[in-house]
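The structure appears below as structure tokens.
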Amino acid sequence: MSDHTLLGPWVRRFLLEHVVAERNLARNTQYSYRDALSLLIPFIAKTRKTSVDRLAVIDVSADLVVRFLAEIEAARHCTIATRNQRLAAIRALAGFVGEHSPQHIEWSGQIRSIPFKKTGRAVVPFLDKPEMDALLAAPNQRTEQGRRDHALLLFLYNSGARATEAAQLMISDLDIRAACVRISGKGGKQRLCPLWPATVAEIAKLIGGRSTTEPVFQNRLGQPITRFGIHTMVERHAAKLLTRFPALATKRVSPHTIRHTTATHLLRAGVDINTIRGWLGHVSLDTTNIYAEIDFEMKAKALAKCAPASDAKPPKRWRDQPGLMDFLRAL
């Protein structure tokens, strides 16, 4: 069997040449594609009763891909969104192989014809202002870790940054005098975000005396904090608020929840939707428009403005009106 028909060399080319070199996809997208194929390939090898290194491209049939997708839903309890994400990676691989290998065009078409499952749009979670204020106040600022957590929470709320963006933020990205920060988002796209005086003050205390080549947010060991560490930190402080805010038990409070909160609060403050798009680093305005759809408070205010005047007198019942003859005599 030649390298041209083996699956392994194509997977290597796809991940290294296409995903990284040609498309320059975000690191998390690279990981997502890698993870999808890491699950698919052993499944195909086990089903075909052959070794991973001897799998041919055509061994990955459309029928087996469909069985694989059903397997990860049933055995791994993946959601439809995750299932579709795995399928997107497989379809991307098939498209890459089909573009570079005419003999695999038919196979590529069969894989790419596997449909995505329709899924309803999930409710976007966000925190009300009192909940967000309580989360910001949750860390014990008398300790070094508590001061870092407070500064990090304040930065996430101020900037609407993703957890990965906050973890990768370097001191050199900050302009303390101008009160702004340069954030590197998905696909290497950069955006400038203004900082509140309170955010500037807390971050200035956090980075005092440190080199500009260091990350802004570090863990207890002085190493760069990871996005998983940021998730854990947010969830830990959110758990402290359940007694005061029982409604939080129905919300999954994460760094992305804070991002949604930033967008919703900006919208309520009257900031136009296109400015919010640039603030959050969305490529498409359609992504940002979801916040205009979810904000029930703004819908209620809009509805109140359209309500009929409440001082109009209700019409009299016919029994309360004078008789016809009395009406005629009064004319």
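For the stretch 198-245, how many residues are of a type in the set (Val, Ile, Thr) and within 21 Å of the chain's Cα centre (by Cα)?
So the answer is 5.
For the stretch 246-282, give me the residue count where each residue is surrounded by fewer than 18 Cβ atoms within 10 Å (Cβ to Cβ) and either charged (D, E, K, R) or over 12 Å from the mean Cα position of the chain (by Cα) (or both).
Selection size over the stretch 246-282: 15.
Can you tell me which residue is surrounded by the most Cβ atoms within 10 Å (Cβ to Cβ) among those in the stretch 89-109 that are touching a residue at least 40 places away in the same chain (Cβ under 8 Å) and aliphatic (A, V, I, L, M)?
The residue in question is LEU93.
Of the conditions (1) of a type in the set (Phe, Trp, Tyr); (2) in contact with a Lys or Arg (Cβ under 9 Å, 6 or more places away or on another chain); (3) touching a residue at least 60 places away in the same chain (Cβ under 8 Å), PHE14 fails just one. Which one is it?
That leaves (2) as the condition not met.
Taking into account only those residues within the stretch 33-56 that are of a type in the set (A, V, I, L, M, F, W, C) and under 33 Å from the mean Cα position of the chain (by Cα), which is surrounded by the most Cβ atoms within 10 Å (Cβ to Cβ)?
LEU40
Could you check how many residues of the stretch 2-28 are of a type in the set (A, V, I, L, M, F, W, C) and outside any helix (DSSP H, G or I)?
The number of residues fulfilling the criteria is 3.
Could you please tell me which pairs satisfy a Cβ distance under 6 Å, a separation of 6+ or placement on different chains, a first residue in the stretch 179-207 that is outside the structural domain of HIS282 (by TED's automatic domain parsing) and more than 16 Å from ALA167 (Cβ to Cβ), and a second residue that is part of a helix (DSSP H, G or I) and not basic (Lys, Arg)?
Note: no pairs meet the criteria.
Restricting the search to the stretch 126-168, which residues are under 22 Å from LEU221 (Cα atoms) and in contact with a strand residue (DSSP E or B) (Cβ under 6 Å, 6 or more places away or on another chain)?
GLU165
Residue check, LEU7 against (1) touching a strand residue (DSSP E or B) at 6+ places or on another chain (Cβ under 9 Å); (2) surrounded by fewer than 16 Cβ atoms within 10 Å (Cβ to Cβ), all met but one. Which one?
Answer for LEU7: the failing condition is (2).
Find all pairs meeting these conditions: Cβ atoms under 7 angstrom apart; at least six residues apart or on different chains; first residue within the stretch 135-152 and among the acidic types (Asp, Glu); second residue outside any helix (DSSP H, G or I).
Close Cβ pairs (under 7 Å, with a partner that is outside any helix (DSSP H, G or I)) amount to ASP149/PRO139.
For the stretch 214-237, how many residues meet the condition of being out of contact with any helix residue (DSSP H, G or I) (no Cβ under 7 Å at 6 or more places or on another chain) and part of a loop (DSSP other than H, G, I, E, B)?
Residues that pass the stated criteria total 3.
Please go through the stretch 1-28 and pick out each residue that is of a type in the set (Val, Ile, Thr) and either over 21 Å from GLY185 (Cα atoms) or not assigned by TED's automatic domain parsing to the domain that holds LEU69 (or both).
THR5, VAL11
Conditions (1) at pLDDT 95 or above; (2) assigned to a helix (DSSP H, G or I); (3) surrounded by fewer than 19 Cβ atoms within 10 Å (Cβ to Cβ), marked per residue:
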| site | (1), (2), (3) |
| --- | --- |
| ALA122 | no, no, yes |
| PHE126 | no, no, no |
| LEU135 | yes, yes, no |
| HIS150 | yes, yes, no |
| ARG177 | no, no, yes |
| ILE183 | no, no, no |
| GLY187 | no, yes, yes |
| LEU192 | no, no, yes |
| ILE203 | yes, yes, no |
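The values are calculated or read from the model by the stated rules, or taken from the named source; none is laboratory data. Since the model is a prediction, treat every value here as computed from it, not as a measurement. Please note: Cβ atoms are built from the backbone with ideal geometry, for glycine as well, and neighbour counts cover all protein chains shown.
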